[in-house]
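Accompanying notes for the structure given below.
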Amino acid sequence: MTEEERIFAGRLFDARSKELRDLKHTAHVLCQKFNALDEYDEGRLPIIKEFIGTIGENYYFQGPIQFNYGCHTFIGKNFFANFNTTIMDDGRIFIGDNVMFGPNVSLMATSHPLIPKERTAMHYEDGHVSMSEYAEEIHIGNNVWLACNVVVLGGMHIGDNAVIGAGSVVTKDVPADFLAFGNPCRPVRRITEKDSKLDLL
């Protein structure tokens, strides 16, 4: 079993293995390239397609960005991300259509064991000891808005049309059509037509 296969099987894995370092290095180099370019440079946005798993039509990243793998992230159409998007996609991350990220949003699909000895339980023939990790997928539905400074932990599902308020840390699933916020993030109320701002048009 490869280290990447261990990730997807829900097993502990060695993030410093050459196999995974090589996968991550591609995304890291391309993120550096993206971040170095002016936002009006026509060659900037296409860089995303060089390392992302998939992404739909009409997307924008303000930058700077940092993906850990990139190839483990799958994004729908009409995606927008503001400044300082961080995506730790050790586990797969699935993002629907018409999703918006505010500044400083972090998706953290990776973790370490809580028991100290388990964090150093992986020993290899070449003598190195891994700082063990494991990863759970993140699923974000369609028409979701994550406001500024939101952190989403691995294993979380955020339903269609949900809004996550600024500064929230998502540690439990959020149902569709709900406004949720807080640390830890909790569903506060259902979003209704009373929230409409069409009168501001």
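The values are calculated or read from the model by the stated rules, or taken from the named source; none is laboratory data. Model, not experiment: these values are computed from the prediction. For neighbour counting, all protein chains shown are included, and Cβ atoms are generated from backbone atoms with ideal geometry for every residue, glycine included. Just so you know, the surface numbers come from the protein's heavy atoms only, side chains and all, with ligands and any DNA or RNA stripped out. Shrake-Rupley method; radii C 1.70, N 1.55, O 1.52, S 1.80 Å.
The residues on offer are Arg16, Arg11, Arg92, Arg6, and the sole one that is open to solvent by 30 Å² or more (accessible area, probe 1.4 Å) and at pLDDT below 95 is Arg16. Scanning segment 36-59 for residues that are open to solvent by 60 Å² or more (accessible area, probe 1.4 Å) and either under 13 Å from the mean Cα position of the chain (by Cα) or on the phi < 0 side of the Ramachandran plot (or both) yields Ala36, Asp38, Glu39, Tyr40, Asp41, Glu42, Pro46, Lys49, Glu50, Thr54, Glu57.
Taking the criterion of being farther than 15 Å from Met88 by Cα and out of contact with any helix residue (DSSP H, G or I) (no Cβ under 6 Å at 6 or more places or on another chain), the residues of segment 15-28 that qualify are Lys18, Asp22. Any residue in segment 67-82 that is among the polar types (S, T, N, Q), within 28 Å of Asn143 (Cα to Cα), assigned to a loop (DSSP other than H, G, I, E, B) and under 16 Å from the mean Cα position of the chain (by Cα)? Within segment 67-82, one or more residues are among the polar types (S, T, N, Q), within 28 Å of Asn143 (Cα to Cα), assigned to a loop (DSSP other than H, G, I, E, B) and under 16 Å from the mean Cα position of the chain (by Cα).
Of all the residues that make up segment 149-201, how many are within 29 Å of Ile7 (Cβ to Cβ) and either among the hydrophobic types (A, V, I, L, M, F, W, C) or assigned to a helix (DSSP H, G or I) (or both)? Qualifying residue count for the region: 14. Of the residues making up segment 60-72, those that are among the polar types (S, T, N, Q) and open to solvent by less than 70 Å² (accessible area, probe 1.4 Å) are Gln62, Asn68. Screening Leu107 on (1) under 22 Å from Val169 (Cβ atoms); (2) in a strand (DSSP E or B); (3) open to solvent by 50 Å² or more (accessible area, probe 1.4 Å) shows it passes everything except condition (3). The set of residues in segment 112-148 being more than 13 Å from the chain's Cα centre (by Cα), surrounded by 16 or more Cβ atoms within 10 Å (Cβ to Cβ) and not in a loop (DSSP other than H, G, I, E, B) consists of Arg119, Met122, Ser130, Glu133, Tyr134, Trp145. The residue that is surrounded by the most Cβ atoms within 10 Å (Cβ to Cβ), counting only those in segment 73-86 that are closer than 18 Å to Val151 by Cβ and of a type in the set (A, V, I, L, M, F, W, C), is Ala81. Sub-7 Å Cβ pairs linking a first residue in segment 4-21 that is within 19 Å of Thr120 (Cβ to Cβ) to a second residue that is among the small types (Gly, Ala, Ser) and modelled with pLDDT of 95 or more, at least 6 apart or interchain, are Ile7/Gly91; Ile7/Ala135, ordered by first then second residue. Using the structure shown, decide if Asp160 is in contact with a Gly (Cβ under 7 Å, 6 or more places away or on another chain) and acidic (Asp, Glu). Against the criterion (in contact with a Gly (Cβ under 7 Å, 6 or more places away or on another chain) and acidic (Asp, Glu)), Asp160 qualifies.
Scanning segment 168-186 for residues that are touching an Asp or Glu at 6+ places or on another chain (Cβ under 9 Å) and either of a type in the set (Asp, Glu) or surrounded by 19 or more Cβ atoms within 10 Å (Cβ to Cβ) (or both) returns a single hit, Asp177.
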